[in-house]
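Visitor: Have a look at this one before I ask anything.
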Amino acid sequence: MPRKTDARDRAIATAERLFRIQGYTATGLNQIIEESGSPKGSFYFHFPRGKAQLAEEAIDHYVATRIAVLRDISATTTGDALSFVRRIFGTFAAEMVASDFQYGCLMQNLANELPALDADLTKRVARGFVDSTEIVAEHFRGCGFTSARASSTAAALVAAVEGARTIARLERTAAIFEALADVSVQGWAAPEGKPAFELSSRRRRR
């Protein structure tokens, strides 16, 4: 029987890394093949539709990883919206620092290049944002937020994280994540005028 190799996984990991650093259009197949160490024949065996198919796999892997991270943060901050928000900003800030401020969000990078993407890739990117944002909204619902408020707060939080990535890459500092965490915690208020996350934390402690 033929020897099983990790050529497919290495190609996906390499494509994901390069798409996060330099985007979709600027990343060529030759670079992916060279940096992954995959023989060209093996590459086309695993990805007969070439770069588009590889991008689909990279998006799916990235989204699955992102969702797993968000679920883990949610599980360790059950019922606590304040800690959940701070953990999210802190986790993505740490990732930026670990990558020496090279990594952007794969979905954000691809979304900025929509004219270069085919319809299937565009749908995958959009679905990735929807699915991962729903994990955030689910946590807020568990903190006592109404469904509408949970959805809008989740959308705002995801948008803030994506914007923070861009600024952090430009400024080469993670300070924006901490600033946004503070503003988010203090600024999202409940109808009675008390900070929303303070109320959520009080419910949790009772």
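Visitor: If the requirement is being within 21 Å of THR27 (Cα to Cα) and either crowded, with 17+ Cβ neighbours inside 10 Å or of a type in the set (Asp, Glu) (or both), which of these qualifies: LEU106, LEU114? Quick ask: steps written out before the conclusion?
Guide: Working: LEU114 fails: either crowded, with 17+ Cβ neighbours inside 10 Å or of a type in the set (Asp, Glu) (or both).
It is LEU106.
Visitor: With open to solvent by less than 40 Å² (accessible area, probe 1.4 Å) and not in a helix (DSSP H, G or I) as the only criterion, which of PHE101, PHE84 stands out?
Guide: Values: PHE84 fails: not in a helix (DSSP H, G or I).
Exactly one residue qualifies, and that residue is PHE101.
Visitor: Now a separate question. List the residue pairs whose Cβ atoms are under 9 Å apart, where the first residue sits in region 43-59 and is charged (D, E, K, R), the second is surrounded by fewer than 15 Cβ atoms within 10 Å (Cβ to Cβ), and the two are 6 or more positions apart or on different chains.
Guide: From region 43-59, the pairs are LYS51/GLY28; GLU56/ARG49; GLU56/ASP120.
Visitor: Related question: Quick one: which helices (runs of 4 or more DSSP H) sit completely within region 1-77 and have at least 3 residues that are open to solvent by less than 70 Å² (accessible area, probe 1.4 Å) and farther than 22 Å from THR122 by Cα?
Guide: Where helices (runs of 4 or more DSSP H) fall fully within region 1-77 and carry at least 3 residues being open to solvent by less than 70 Å² (accessible area, probe 1.4 Å) and farther than 22 Å from THR122 by Cα, they are 29-36, 40-46, 51-75.
Visitor: Only one of (1) under 21 Å from the mean Cα position of the chain (by Cα); (2) more than 21 Å from ASP131 (Cβ to Cβ); (3) among the small types (Gly, Ala, Ser) is not met by ALA81, so which one is it?
Guide: (2)
Visitor: Quick check, is ALA168 out of contact with any Ser or Thr (no Cβ under 9 Å at 6 or more places or on another chain) and open to solvent by less than 50 Å² (accessible area, probe 1.4 Å)? Write out each step before concluding.
Guide: Details: out of contact with any Ser or Thr (no Cβ under 9 Å at 6 or more places or on another chain): yes; open to solvent by less than 50 Å² (accessible area, probe 1.4 Å): yes.
Yes, satisfied.
Visitor: Within region 121-130, which residues are among the charged types (D, E, K, R) and either in contact with a Phe, Trp or Tyr (Cβ under 8 Å, 6 or more places away or on another chain) or loosely packed, with under 14 Cβ neighbours inside 10 Å (or both)? Step through it out loud before you land on a result.
Guide: Of the residues in region 121-130, the ones among the charged types (D, E, K, R) are 123-124, 127.
Answer for region 121-130, where residues must be among the charged types (D, E, K, R) and either in contact with a Phe, Trp or Tyr (Cβ under 8 Å, 6 or more places away or on another chain) or loosely packed, with under 14 Cβ neighbours inside 10 Å (or both): just LYS123.
The values are calculated or read from the model by the stated rules, or taken from the named source; none is laboratory data. As the structure is a computational prediction, the values presented were derived from the model and not from experiment. Counting neighbours? That spans all protein chains shown, and the Cβs are built from the backbone with ideal geometry, glycine included. The accessibility values were calculated without ligands, DNA or RNA, using every heavy atom of the protein model including side chains. Shrake-Rupley method; radii C 1.70, N 1.55, O 1.52, S 1.80 Å.
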